[in-house]
1. So what does Leu292 come to for accessible area, using a 1.4 Å probe and Å² rounded to 10?
2. Just add up the charged neighbours of Glu208: K/R +1, D/E -1, any other residue whose Cβ is under 12 Å from the Cβ of Glu208.
3. Sorting Val201, Val152 by accessible area (1.4 Å probe), largest first, what list results?
4. Suppose the Debye formula is applied to equal point scatterers at every Cα of region 128-264; what is log10 I(q)/I(0) at q = 0.19, 0.22 Å⁻¹?
5. If you put +1 on each Lys and Arg Cβ and -1 on each Asp and Glu Cβ, how big is the dipole of the chain around its Cα centre, in Debye rounded to 20?
6. Rg and Dmax of region 63-203, Cα atoms, in Å?
7. Roughly how tilted is helix 52-71, in degrees to the nearest 10 and between 0 and 90, from the longest Cα axis of the chain?
8. Test of understanding: what is the full-extension gain from Ala322 to Arg104, defined as 0.36 nm times their sequence separation minus their Cα-Cα distance?
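The values are calculated or read from the model by the stated rules, or taken from the named source; none is laboratory data. Everything numeric in this text was worked out from a predicted model, so none of it was measured. Heads up, the Cβs are rebuilt from the backbone with ideal geometry, glycines too, and the neighbour counts pull from every protein chain shown. Accessible surface areas use protein heavy atoms only, side chains included; no ligands, DNA or RNA. Shrake-Rupley method; radii C 1.70, N 1.55, O 1.52, S 1.80 Å.
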Amino acid sequence: MRVAVIGAGILGASVGLYLREGGASVTLYDAGEGQATPGSFGWINASWGNDPAYRALRLASMDLWPALGAAFPGAGYRRCGGLLWDLPEADLRALEQETGDYGRIVDRAAAAAVEPGLRALPELAFHAPGEAQVEPQAAARLMAGAVERLRVEALEPGTGGVSLRTVDGTARFDAAVIAAGTASASLLEPLGLGLEMSAPVGHLAWSEPVAPVLRGLVMMPDMHLRQNAEGRIVLGEDFGGGDGSGDAEDTARDLLARAGERLGVTLALSRVTRAARPVPGDGRPALGALPLPGLYLALSHSGVTLAPLIGQALAAEILTGARDPLVARYAPDRVLYSA
């Protein structure tokens, strides 16, 4: 089966990987626009305040990450745990009840044992030992393999497959997956489909490398931060990277200064990453067949956490027609309208 995947961010790369594992011939296209992956915080988690079905989806994808990390060691996957206190105490306690054995409330002394490098610790925090971090760009690049750096200008679905047009001409495929992030809507509009989606812009600050000071992910009220394998502190104003308002470099330097005080280190700015995050209209993933022959959609916020499960489930649907029960309720039709 010949399948085109449009978008080589972490979702498209994962879909392509699992399609290849299933025996498909896959061509990935990426125009270098619309990716949230370069601006992702890289936090693999089950989140909070979720209905049981969505929590189960996230947990199932978390369970797939260790094998993926072992297959691609350069992706920087590490099960490091997360320490969170950016919620009121009542919400922290509700989180503990909601998530069962996922994590537990810890006091200041226990939090200090989890993150001894932190100078400012709360009276109470929530510790989730199973949470992990990954380098999203590296993971996407490794999973994707070869990528055609071309903009897809038009899609023409039909009973015999899908025609895909680029500046290099037209190619024919048995199926095509739109995994183009914020650019997905512009691909669907000429086909008469509108897509309910928001695209909040956020940014992350990356420090120059420093000696190890953080063991895992830390989510405090005014910032989220982690330290990667290079020793860089990666931080944003929330897990998506803040709201993107104001001057990005000024905001980044302010964040690094505040983080440095709490870590007892001087943090110099290396770079700022900025990206629009694709969020389907109801905040949940939009995955599966579109109402046009041969076309599929892979669109989700929390793409880093969900990438393995989305890739595996969508590849199976395309190759066998079987719909994974975990993603059954997330068909794209609920966020589509006639354009």
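1. It works out to around 40 Å².
2. +1
3. On the way: Val201 55, Val152 15 Å².
Correct descending sequence by accessible area is Val201, Val152.
4. -1.11, -1.32
5. On the way: 28 positive and 38 negative charges, 148 e Å.
It works out to roughly 720 debye.
6. When restricted to Cα atoms, region 63-203 yields Rg and Dmax of 22.3, 64 Å.
7. Rounded to the nearest ten degrees, it is 90.
8. Working: separation 218, 0.36 × 218 = 78.48 nm, distance 3.69 nm.
Gain on stretching Ala322 to Arg104: 74.8 nm.
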